[in-house]
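*Asks:* Got a structure here, written out as structure tokens. Questions coming.
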Amino acid sequence: MALTTIDLTRAPLADQFNRPITYLRISVTDKCNLRCVYCMPERGLDWLPKGEILTYEEIAKIVQAAASVGVRSVRLSGGEPLIRRDLGRLVAAIRAVEGIEDISLSTNGLLLSEQIAELKAAGLNRVNVSLDTLRAGRFEAIARRPGLDRVLAGIDAAIEAGMEPVKINVVVMRGQNDDEIADLAQWTRQQPVFVRFIEVMPVHENVGLQRDSYVSSDEILERVRSIGDLRPSLGPGGNGPARYFAFDGAPGAVGVISPLSHDYCERCNRVRLTADGHLRLCLFGDQDVDLRTPLRAGESIDALAEILRSAMLIKPERHHLRLGETSSRMRAFSEIGG
Ligand code: SAM
Ligand code: SF4
């Protein structure tokens with residue numbers, strides 16, 4: 001992929017609330033090989049037509065524009081990013097963009113063990129793997145597909161490949177996996193993993209599930225403390241919204257991500273690029289800027305960077321999510337890239 005030299009001396013992006021925007025999450029596909037109950041309906045999904053999905057060359061051009069105005073970290077997500085063919089080619093293209101310091105991946109881990117070596121060679125720095133349970137039957141109930149062994153093999157392969165830090169994302173649901181909080185936290189005493197418990201968020205299909213199964217991060221931490229004292233920890237760094245805690249002498253740490261109970265909007269440093277080329281300014285809002293049309297009309301990197309800058313004017317100060325509420329604005333993660 002040919003890359004143009006970019007000017008890194010331009011003023012970096014900041015929104016109206018003086019938050020520097022340095023982090024871009026990119027959804028490379030809306031499709032997935034699982035159907036997690038909190039994220040996607042089991043059937044009846046309308047996938048984006050292929051022609052609407054950005055090519056790797058188009059994504060790399062947007063990353064160049066973003067890097068020219070201060071974006072330094074990129075995360076590849078989805079849907080499930082590892083089902084898109086030859087993802088290493090995109091990682092290599094992003095790695096070649098001047099200014100990008102960190103490339104990470106969010107995955108369900110099913111295809112990780114077979115792809116990790118290639119992704120690392122292409123320049124991937126870090127991975128987050130989603131895993132909500134250590135029990136095979138439960139995995140199948142939550143993800144609506146089997147695969148626990150493959151996910152565990154993927155996590156091991158990532159640790160062996162030196163993809164530090166490996167973060168494990170656990171969506172906590174009362175009555176479904178909340179009785180495994182202690183077992184999952186225990187993992188951080190044995191291996192250098194960062195187990196992050198996420199409060200289940202309402203997306204438009206799951207608002208009923210969310211209302212009934214929500215467990216707050218305070219309750220999650222209380223359950224973790226039942227197996228040992230925790231001290232606040234800096235965690236592994238990175239761009240995330242998690243607060244971290246560790247057991248004495250543990251190689252890993254426990255994190256909590258609490259979009260509802262302790263929302264992290266004040267520290268928001270991110271924007272999202274959807275698989276079909278729209279910039280979304282907030283996960284929970286409908287503020288959206290079409291980048292694909294100017295991109296396909298042949299606009300320059302400088303022009304795209306200026307569109308990113310003007311998009312800052314509509315980044316909202318905060319979301320207004322409340323427990324058990326949703327609205328037409330809420331979209332599935334699969335549509336926007338979680
Ligand atoms: N397929 C990849 C995966 O599962 O990691 C990447 C995309 S997924 C949408 C990104 C993250 O969003 C995952 O950690 C997933 O658990 C989380 N997620 C999806 N729906 C959620 C919800 N309703 N509440 C909280 N987290 C959610
Ligand atoms: Fe797929 Fe990830 Fe959503 Fe699960 S959370 S359905 S793995 S995109």
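What follows draws every value from the coordinates through simple rules; no lab data is involved. Keep in mind that what you see is a predicted model, and the values were worked out from it rather than measured. Positions of Cβ are backbone-derived with ideal geometry, glycine not excepted, and every protein chain shown enters the neighbour counts.
*Asks:* For the pair ASP286 and ILE227, how long in nm is the line joining their label points, each one 7 Å along Cα→Cβ?
*Replies:* The modelled label-to-label distance comes out at 4.3 nm.
*Asks:* Taking Cα atoms, how many degrees apart are the long axis of helix 301-311 and the longest axis of the chain, rounded to 10 and kept between 0 and 90?
*Replies:* 60 degrees
*Asks:* Also, I was wondering about something else. Tell me, for the chain, which Cys residues have no other cysteine's C-beta sitting closer than 4.7 Å.
*Replies:* Those would be CYS32, CYS265, CYS268, CYS282, since no other cysteine Cβ in the chain comes under 4.7 Å of theirs.
*Asks:* A further question on this structure: Can you tell me the 0 to 90 degree angle between the C-alpha axis of helix 112-122 and the longest principal axis of the chain, rounded to 10?
*Replies:* Its long axis makes an angle of about 40 degrees.
*Asks:* Along the charge dipole of segment 23-335, Cβ charges K/R +1 and D/E -1, which of GLY99, ALA297, ILE59 sits furthest on the positive end?
*Replies:* It is ALA297.
*Asks:* Same structure again: State the three equivalent ellipsoid semi-axes of the chain, derived from the C-alpha gyration tensor as the square roots of 5 times its eigenvalues, in descending order and whole Å.
*Replies:* Result for the chain: semi-axes of 31, 22, 20 Å.
*Asks:* Shifting gears a bit: Return the distance in nm (one decimal) between the two label points of a simple spin-label model at GLU98 and GLU317, each offset 7 Å from Cα along Cα→Cβ.
*Replies:* 3.8 nm
*Asks:* Right, here's the next one. Would you mind working out the magnitude of the charge dipole of segment 23-335 relative to its Cα centre, with +1 at each Lys and Arg C-beta and -1 at each Asp and Glu C-beta, to the nearest 20 Debye?
*Replies:* Dipole about the Cα centre, nearest 20: 160 debye.
*Asks:* Give me the distance between the Cα centres of segment 135-168 and segment 24-42, rounded to whole Å.
*Replies:* 16 Å
*Asks:* Okay, next question. Hey, can you rank 56-65, 103-112, 85-94 by average C-beta count inside 10 Å, highest first?
*Replies:* The peptides rank, most packed first, as 103-112, 56-65, 85-94.
*Asks:* How large is the dipole of segment 66-160 about the Cα centre if only Lys and Arg carry +1 and Asp and Glu carry -1, each at its Cβ, rounded to the nearest 20 debye?
*Replies:* Its charge dipole is roughly 260 debye.
*Asks:* How far is helix 181-190 tilted, in degrees, relative to the longest principal axis of the Cα atoms in the chain, given as a value from 0 to 90 rounded to the nearest 10?
*Replies:* With rounding to tens, the tilt is 80 degrees.
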